[in-house]
Amino acid sequence: MIKGMHGLFYTPNPEEVRAFIREKLGLVHNDIGEGWLIFDLPEADLAVHPSNKSFHSISFYCDDIRQTVEALKSRGVEFSSGITDEGWGLLTHLRMPGNLEVELYQPKYEKRSTRKTPKAQGPPRDRPKKRKTSRSLL
């Protein structure tokens, strides 16, 4: 069953964006070879919003937006907006190489990802009957 989400940034300068995520955002990564880094995220969630057109977006979230913004600024990260209260959370936007702008927010809603996710349930299956096993030295 699904156990996570994989997000992608498409950009003409992937090395610069990878370095930014690794060095400025400090995300842990796996080097799968030839400069390809896959970044591990501690949590993820997914939402669906109404819109007149179809598209997707990537956001990062944190526990304390003011503290996170100050830490990121000390690493040289630029922000394109101040922190605003959107009702559902506190929101700002950070700039990444390649003219990428990403949301950073502090949710006001409860994040449940720290609890164990229930396994998806399908229709009941007949369990195979236990077989007698014989021990053989062959």
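Figure legend. Inter-residue proximity from region 58-73: first residues in contact (Cβ under 8 Å) with a residue 24 or more places away in the chain, second residues assigned to a helix (DSSP H, G or I), beta-carbon distance below 9 Å, spacing 6+ or different chains. Indicated pairs: 60/68; 62/68; 62/69; 72/24. Starting from residues that are aliphatic (A, V, I, L, M) and open to solvent by 100 Å² or more (accessible area, probe 1.4 Å), keep the ones in region 40-51 and report whichever is nearest to residue 7 (Cα to Cα). Applying the filter and picking the extreme gives 46.
Pull up region 52-83, narrow it to residues that are of a type in the set (Gly, Ala, Ser) and open to solvent by less than 70 Å² (accessible area, probe 1.4 Å), then point me to the one that is farthest from residue 111 (Cα to Cα). Per the criteria, the residue is 76. The residues on offer are 66, 112, and the sole one that is of a type in the set (D, E, K, R) and within 17 Å of the chain's Cα centre (by Cα) is 112. Checked across region 23-32, the condition of being under 15 Å from residue 103 (Cβ atoms), polar (S, T, N, Q), in contact with a strand residue (DSSP E or B) (Cβ under 9 Å, 6 or more places away or on another chain) and at pLDDT 90 or above holds for no residue. Scanning region 11-39 for residues that are open to solvent by 90 Å² or more (accessible area, probe 1.4 Å) and either assigned to a strand (DSSP E or B) or not hydrophobic (A, V, I, L, M, F, W, C) (or both) returns 12, 15, 16, 23, 31, 32, 34, 36.
The values are calculated or read from the model by the stated rules, or taken from the named source; none is laboratory data. Just so it is clear, the model here is predicted, and its values are computed rather than measured. Here Cβ is always computed from backbone atoms with ideal geometry, including for glycine, and neighbour counts include all displayed protein chains. Areas reflect the complete protein model, heavy atoms only, side chains present, ligands, DNA and RNA absent. Shrake-Rupley method; radii C 1.70, N 1.55, O 1.52, S 1.80 Å.
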